[in-house]
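Here the structure comes first, spelled out in structure tokens, and everything after it is commentary.
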Amino acid sequence: MKKKEVKKMTKSQAIKDIDKFKKDLFNFRFQKTNGQLTNPSKIKEIKKSIARLKTFIESEKNA
């Protein structure tokens, strides 16, 4: 998820996306341990997206 996409979101959309990304991350971790994960870089991308969304929510809270 790009910065531009995050800036266009509302706070409630960001919270929903964080939940979705956390579920995806959970599933990717299981796939990694079972050797079924085809693209391990997705884990890193999802972690960054979660961090971006959390930062966005905190900046909205403080503004």
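Straight Cα distances below 18 angstrom link Lys42 to the lysines Lys2, Lys3, Lys20, Lys22, Lys23, Lys32, with same-chain residues fewer than 8 positions distant left out. Structure remark: mean-square fluctuation, Gaussian network model of the chain, C-alpha springs under 10 Å; the largest value among Leu25, Leu37, Leu53 belongs to Leu37.
With contributions of -39500 (n - 2.57) from each DSSP H run of at least four residues, the per-residue ellipticity at 222 nm computed over the chain stands at -27000 deg cm²/dmol. Springs between Cα atoms under 10 Å define the GNM used for the chain, and in it the highest mean-square fluctuation of Lys48, Lys22, Lys32 occurs at Lys32. Within a straight-line Cα-Cα reach of under 15 Å, Lys48 can be paired with the following aspartates and glutamates, leaving aside sequence neighbours fewer than 8 residues apart in one chain: Glu5, Asp17, Asp19, Asp24. Modelled spin-label separation between Asp24 and Lys42, with each label point placed 7 Å from Cα along the Cα-to-Cβ direction: 0.8 nm.
Readers should treat all values here as calculations from the given coordinates under stated rules, not as data from a laboratory. It should be emphasised that the depicted structure is a prediction, and the values quoted were computed from it without experimental measurement. Methodologically, a virtual Cβ is constructed for each residue, glycine included, from the backbone with ideal geometry; neighbour enumeration extends over all protein chains shown.
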